[in-house]
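Following: one structure in structure tokens, then a few remarks.
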Amino acid sequence: MNPPAPPTAPRPRAARPPRVASLLAAAGLLATALPLLSATQAAADPAAAPPAGYQPRKPSWHRCDAEQPAAYECATIKVPLDYRRPEGRRIDLAISRIKSRDPARRHGVLLMNPGGPGGSGLDLPLMADTSMPQEVRDRYDLIGFDPRGVGRSNPITCGLTEAEQNFDRAYRPETYPADVAWARTVADKCREKAGDVLPYVTTRNTARDLDSIRAALGERKLSYLGYSYGTYLGAVYTQMFPQRTDRFVLDSGVDPQRAWRGMFQVWATEAEPAFARWTRWTAQRDGEFHLGTTPQAVSRTFWDLVARADRDPIVLDGQKLSGDDIRTARGLFFYPATAAPLVSALKAAAEGKPLPPGPSAGELLKTLRPEPGRPSASAPAGPAEPAPDNGTAVFWSVVCGDTDAWPRDPERYRRDAAKDKQRYPLYGDMASGIKPCAFWQRPLEAATPMKARADVLTVQNEWDSQTPLVSGQGLHRSLKGSRMVLALGGEGHGVYLADPGSCANAPVNAYLATGRLPGADVTCRTEPGAARRGTGPEGPLPLPFPAVPQRF
């Protein structure tokens, strides 16, 4: 997670689809080889039954944009805001596609989600079309969409300022009342601006939307590629609609048992081993970075810088950085080759010395304070852009509205933040501190239990900062029948299509092409992917992840 959640910039228009690797910096039908689902599994979630009187209409496709390939088509379908009342208010879902160019080999549709919550996925077909091996690409019509409330799908807003979108709030007794006021303000503003919609912007309703897209396309089953938060969305679909689940790839997994407060807290627990790994890596290269010859010395150098910056902010490239600012970059330490130059530059700045050779101070600062949210680089032209806080509004709507497990007592958050600041000093207080969910309206539905068998493929890098390894392993355990592909040594959030050199690509391609899961979990060794990905601390995220680096 990195610092404040900045506003989203207007979407530029691109004449050609970008390379996947450059975008990842800043997220079934026939199943002949899979076991048939039992009648018990098919009825795993009675609430998922299609509402009487609702049948989505067949999309009316049109070219998305004259500057985009003619094969890239867009459409809008109508879905119920509240699936319990299908005759009531309808909302728009913006969808896109690039059809298979080989009808004889076509298996079905592959729906894709980039993560978030709050990420736009309309342009995913463009990127997957140029990145997938041909034997996989020919099998599917590639389908993208903006989830409900996002982008071109009736976007919501809470009217939040840039400062109000930042949830990295260090625990200090003297400032905690202001943190409580911030959390209450965000919840109140969201309720005031979008209270009639927020209760329905949840993962379960988005899963119902996935099934509405399937029905509108005339498909019996749905195949799916989901990253980060998209893995949780896909997992929920497998439980609500097991009889319609075909080939599912869930990449960089969210642990359903940690949704959602636990996913904030896992950022803190797993930052500690990543930090320890960084100190070992950096100590071996003291001749280059001059941060210490032992892991203990490197750690001491870092924490001395944090303490110094708390007393007197360090000025780097004209920006003042406090110790709390530095700690918000906890995700940086999953990428030692990026973290070490930044800490070296901070040390030089603190000592009034020239910055070491290498990336400029401005480039290094972007790893601490990213530029305002990167929009989807090849999105189709359309109506006015959503409000700058659209992604943040959807984020809170989902993580607060999916579950009633959030504590409601501000004192509970205060105690947890104080305790976790000691246990996990890099990020513990920020992870466990109060969030707007403490004041959110009660969810309309309970969280989805993971009970139905799910013969799906999960994929994970060993060193993923946003959905750390323990989270991906939790997703795998929760989905009975799943297989896991683990890339040992892999760095970065997102694996398939994100890192062209990953050892995980071959088993994913084989599964998508044939529908056959590996006979057992697959563990392979890959080189850290930062150099291949070619960007900052998060590497290129898998496809167009949402603007705020802290999201799942």
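The values are calculated or read from the model by the stated rules, or taken from the named source; none is laboratory data. In this text the structure is predicted, and so the values were computed from the model without any measurement. A quick note on method: Cβ atoms are made from the backbone with ideal geometry, for glycine too, and the neighbour counts reach across all protein chains shown.
Just for segment 119-136: of the residues that are assigned to a loop (DSSP other than H, G, I, E, B) and among the aliphatic types (A, V, I, L, M), which one is surrounded by the most Cβ atoms within 10 Å (Cβ to Cβ)?
Our first condition is that a residue be assigned to a loop (DSSP other than H, G, I, E, B); within segment 119-136, this holds for 119-123, 132-133.
Imposing the further condition that a residue be among the aliphatic types (A, V, I, L, M) reduces the set to 122, 132.
Numbers: Leu122: 27, Met132: 23.
Out of the qualifying residues, it is Leu122.
Which is closer than 27 Å to Pro410 by Cβ and out of contact with any Phe, Trp or Tyr (no Cβ under 7 Å at 6 or more places or on another chain), of Ala170, Ala187? Steps first, answer last, please.
Details: Ala187 fails: out of contact with any Phe, Trp or Tyr (no Cβ under 7 Å at 6 or more places or on another chain).
That would be Ala170, the only listed residue that is closer than 27 Å to Pro410 by Cβ and out of contact with any Phe, Trp or Tyr (no Cβ under 7 Å at 6 or more places or on another chain).
Tell me, which residue of segment 529-549 that is modelled with pLDDT of 50 or more and buried (at least 23 other Cβ atoms within 10 Å of the Cβ) is nearest to Ser482 (Cα to Cα)?
My answer is Gly529.
Return the pairs, sorted by first residue and then second, in which the second residue is surrounded by fewer than 24 Cβ atoms within 10 Å (Cβ to Cβ) and modelled with pLDDT under 95, the first residue lies in segment 192-211 and is closer than 25 Å to Arg57 by Cβ and charged (D, E, K, R), the beta carbons are less than 8 Å apart, and the residues are 6+ apart or on different chains.
Arg204/Ala47; Arg208/Ala48; Asp211/Ala48; Asp211/Pro50
Looking at segment 480-493, which of its residues are crowded, with 23+ Cβ neighbours inside 10 Å, among the small types (Gly, Ala, Ser) and in a strand (DSSP E or B)?
Ala487, Gly490
Only one of (1) surrounded by fewer than 24 Cβ atoms within 10 Å (Cβ to Cβ); (2) in contact with a Cys (Cβ under 6 Å, 6 or more places away or on another chain) fails for Arg261. Which number is that?
Unmet condition: (2).
Applying the selection to segment 422-479, what residues are small (Gly, Ala, Ser) and in a helix (DSSP H, G or I)?
Filtering segment 422-479 down to residues small (Gly, Ala, Ser) leaves 428, 431-433, 438, 446-447, 452, 454, 465, 471-472, 474, 478.
The answer is Gly428, Ala431, Ser432, Ala438, Ser471, Gly472, Gly474, Ser478.
With respect to Val315, determine if the residue is surrounded by fewer than 22 Cβ atoms within 10 Å (Cβ to Cβ) and either of a type in the set (Ser, Thr, Tyr) or closer than 21 Å to Ala431 by Cβ (or both).
On the way: surrounded by fewer than 22 Cβ atoms within 10 Å (Cβ to Cβ): yes; either of a type in the set (Ser, Thr, Tyr) or closer than 21 Å to Ala431 by Cβ (or both): no.
When the stated conditions are applied, Val315 does not pass them.
Being under 22 Å from the mean Cα position of the chain (by Cα), of a type in the set (A, V, I, L, M, F, W, C) and part of a loop (DSSP other than H, G, I, E, B) is the filter here; which residues of segment 159-196 pass it?
Leu160, Phe167 - these are the residues of segment 159-196 that are under 22 Å from the mean Cα position of the chain (by Cα), of a type in the set (A, V, I, L, M, F, W, C) and part of a loop (DSSP other than H, G, I, E, B).
Take segment 75-90 and flag every residue that is crowded, with 21+ Cβ neighbours inside 10 Å and within 25 Å of the chain's Cα centre (by Cα).
Going through segment 75-90, the residues crowded, with 21+ Cβ neighbours inside 10 Å turn out to be 77, 79-80, 83.
Scanning segment 75-90 gives Ile77, Val79.
Select from segment 318-329 the residues that are outside any strand (DSSP E or B) and out of contact with any Lys or Arg (no Cβ under 8 Å at 6 or more places or on another chain) and write down the one among them that is farthest from Ala431 (Cα to Cα).
Filtering segment 318-329 down to residues outside any strand (DSSP E or B) leaves 318, 322-329.
Filter again for out of contact with any Lys or Arg (no Cβ under 8 Å at 6 or more places or on another chain), leaving 318, 322, 324, 326-329.
Working: Gly318: 28, Ser322: 18, Asp324: 13, Ile326: 15, Arg327: 11, Thr328: 10, Ala329: 13 Å.
By that ranking, first place goes to Gly318.
Condition check ((1) within 22 Å of Asn205 (Cα to Cα); (2) of a type outside the set (Val, Ile, Thr)) across all residues:
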residue	(1), (2)
Ala71	no, yes
Tyr83	yes, yes
Glu87	yes, yes
Ser96	yes, yes
Thr130	no, no
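Which of the residues that make up segment 197-220 are assigned to a helix (DSSP H, G or I) and within 16 Å of Phe395 (Cα to Cα)?
Scanning segment 197-220 gives Leu198, Pro199, Tyr200, Thr203, Arg204, Asn205, Thr206, Ala207.
Is it the case, given these coordinates, that Leu497 is of a type in the set (A, V, I, L, M, F, W, C) and modelled with pLDDT of 95 or more?
On the way: of a type in the set (A, V, I, L, M, F, W, C): yes; modelled with pLDDT of 95 or more: no.
The answer is no for Leu497.
Look at segment 40-86 and say how many of its residues are modelled with pLDDT of 95 or more and outside any loop (DSSP other than H, G, I, E, B).
Number satisfying all stated conditions: 10.
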